[in-house]
Structure formats: C-alpha cells, structure tokens
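The values are calculated or read from the model by the stated rules, or taken from the named source; none is laboratory data. Here the structure is a predicted model, which is why all the values come from computation and not from measurement. Because the Cβ atoms are built from the backbone with ideal geometry, glycine has one as well, and the counts that use them run over all protein chains shown.
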Amino acid sequence: DAGVIQSPRHEVTEMGQEVTLRCKPISGHNSLFWYRQTMMRGLELLIYFNNNVPIDDSGMPEDRFSAKMPNASFSTLKIQPSEPRDSAVYFCASSASVGSGGSNTGELFFGEGSRLTVL
Amino acid sequence: AQSVTQLDSQVPVFEEAPVELRCNYSSSVSVYLFWYVQYPNQGLQLLLKYLSGSTLVKGINGFEAEFNKSQTSFHLRKPSVHISDTAEYFCAVRRSGYSTLTFGKGTMLLVSP
C-alpha cells in the first residue's frame with residue numbers, strides 16, 4: 001500500500017498568493033483529516049470528511065481556508081489569499097470509519113506533510 | 001470534550017537509559033488512546049494503541065504504555081533507549097463513537113551518547 005500521499009512536500013510563496021495542497025488517502029479509507037502543525041499551537045485539526053462529506057470544519061481558521069473532497073481518492077486544502085501566519089506543516093491523514101467492522105480502531109495514517117512558507 | 005496533556009515538552013536522556021513520557025487525558029466517557037512518533041521532516045507513525053483489555057500495551061521499537069483509568073494516564077516507557085529514538089512523541093485520545101483524535105502538544109525525546 002502506498003500510504004497517504006501529499007503534494008507538494010514544500011511550498012514557498014508570497015503573501016497574497018493562492019496555495020493549494022493536495023492529498024490522496026489510502027484506498028478503502030473513508031475518513032480524511034487535515035491537520036496543521038506549528039511550534040506554538042502543536043497539531044490542530046482543521047477539518048475532516050467522512051465519505052467525501054465535510055463533517056466538522058470548526059477548526060478552519062477563517063474564510064481564507066477552504067477544503068474539498070470531490071471523490072474518495074482526492075482532497076484539496078486551499079488558502080486564498082495566503083498570509084505569513086499560515087506558515088506551517090499541513091498534514092493529511094486517513095482512516096477507515098469507526099465501527100466499520102474488522103480490526104478498525106479509528107487509527108489515523110498520516111502523510112509526510114506539506115511544509116508551507118509564506119513570505 | 002476530551003483533552004490531552006503531555007507534561008514534558010522535552011526529555012533529555014542518555015543512550016541505554018530508561019525513559020518515561022507522561023500523558024494524561026480528560027474525558028468522562030470511554031476513550032481509546034494512542035501514541036504516535038514523528039521523526040524529523042516526516043509524518044506521524046503509530047507506536048501503539050489502547051482499545052480495551054490488558055492495560056499494558058506493547059508497541060513497536062520496544063516501547064510500551066500502561067493505561068491507568070483511575071489516574072487518567074497513559075504513560076509511554078522504554079527500558080533502554082537508542083540514539084535513533086530521538087524524535088517527537090504525541091499522545092492522542094479518541095472518544096468512543098467519534099472519528100477524530102485529539103493530540104497532546106508533544107514531547108521531544110533527545111537521546112545523547
């Protein structure tokens with residue numbers, strides 16, 4: 001299994017530019033999560049989807065942030081316009097739905113992250 | 001809502017010494033508990049998890065953790081650390097019936113020769 005795949009791994013952009021981060025979850029997983037990691041705030045959940053539907057977006061900082069999941073194998077996190085305080089590592093994670101049987105425990109599988117620097 | 005407290009932001013230790021990384025959680029309902037490890041410039045990897053049953057859980061790389069319900073703790077231990085264990089360790093809790101994990105702030109384990 002290829003694991004969760006994120007792109008780009010690194011992004012450097014200027015304030016005001018649009019940033020799009022991409023994620024391909026593990027095949028068969030139907031929950032997808034976007035986290036942001038900073039030194040000051042640690043790991044913060046931004047939004048999560050179940051069966052491609054956004055369930056909880058209360059962690060999205062403001063309207064500049066948006067996320068989509070058009071199908072089960074792809075999700076995007078967009079920041080428009082970007083600001084220096086958005087600089088962070090953004091992680092995507094996927095899991096099988098809780099209670100879907102078998103040995104599923106709600107364990108999250110993380111991608112390698114996208115390091116964003118906004119100048 | 002649940003929360004996770006990792007009491008130490010950094011734990012320095014010498015190679016081959018034992019280590020304990022502390023984690024306390026707060027929740028009034030059943031929870032599942034996890035420890036993840038993050039090596040530099042990488043994503044988080046699962047070390048071990050507690051779901052039910054035996055309170056002593058063994059994970060990868062020689063780590064183990066003990067669930068203590070009365071103290072609402074899930075401390076991570078290793079009897080003898082290696083240089084390669086240098087990484088950040090995150091404790092996480094998931095409330096029964098919910099999909100999301102809440103993470104602690106992380107503990108940086110620094111192993112020196």
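Okay, residues lined up against (1) acidic (Asp, Glu); (2) more than 11 Å from chain B (Cβ to nearest Cβ); (3) more than 10 Å from the chain's Cα centre (by Cα); (4) over 15 Å from A:Val89 (Cα atoms):
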position	(1), (2), (3), (4)
A:Met40	no, no, yes, no
A:Glu44	yes, no, yes, no
A:Asp56	yes, no, yes, yes
A:Ala72	no, yes, yes, yes
A:Ser75	no, yes, no, yes
Residue match in the range A:51-67 (condition: in contact (Cβ under 8 Å) with a residue 24 or more places away in the chain and small (Gly, Ala, Ser)): yes
So, in the range B:40-86, how many residues would count as being within 12 Å of another protein chain (Cβ to nearest Cβ), surrounded by fewer than 18 Cβ atoms within 10 Å (Cβ to Cβ), part of a strand (DSSP E or B) and among the hydrophobic types (A, V, I, L, M, F, W, C)? 1
Report the residue count in the range A:27-38 for those that are free of Cβ contacts under 8 Å to residues at least 60 places away in the same chain and more than 14 Å from chain B (Cβ to nearest Cβ). 1
Taking the range A:9-29 as the region of interest, how many residues are under 11 Å from the mean Cα position of the chain (by Cα) and either at pLDDT below 95 or in a loop (DSSP other than H, G, I, E, B) (or both)? 1
Scanning the range B:34-73 residue by residue, those touching a residue at least 12 places away in the same chain (Cβ under 8 Å) and among the hydroxyl-bearing types (Ser, Thr, Tyr) turn out to be B:Tyr36, B:Tyr39, B:Tyr50, B:Thr55, B:Thr72, B:Ser73
Which listed residue is touching a Lys or Arg at 6+ places or on another chain (Cβ under 9 Å) and assigned to a loop (DSSP other than H, G, I, E, B), from A:Ser66, A:Ser82: A:Ser82
Exactly one condition in (1) within 22 Å of B:Trp35 (Cα to Cα); (2) touching a residue at least 40 places away in the same chain (Cβ under 8 Å); (3) out of contact with any helix residue (DSSP H, G or I) (no Cβ under 9 Å at 6 or more places or on another chain) is false for A:Cys23; which is it? (1)
Mind listing whichever residues of the range B:88-113 are surrounded by fewer than 19 Cβ atoms within 10 Å (Cβ to Cβ), under 13 Å from the mean Cα position of the chain (by Cα) and among the hydrophobic types (A, V, I, L, M, F, W, C)? B:Met108
Could you list all residues from the range A:69-86 that are surrounded by fewer than 15 Cβ atoms within 10 Å (Cβ to Cβ) and free of Cβ contacts under 8 Å to residues at least 40 places away in the same chain? A:Pro70, A:Asn71, A:Arg85
Among (1) away from every other protein chain (no Cβ under 12 Å); (2) buried (at least 17 other Cβ atoms within 10 Å of the Cβ) - the single one B:Val29 does not satisfy: (2)
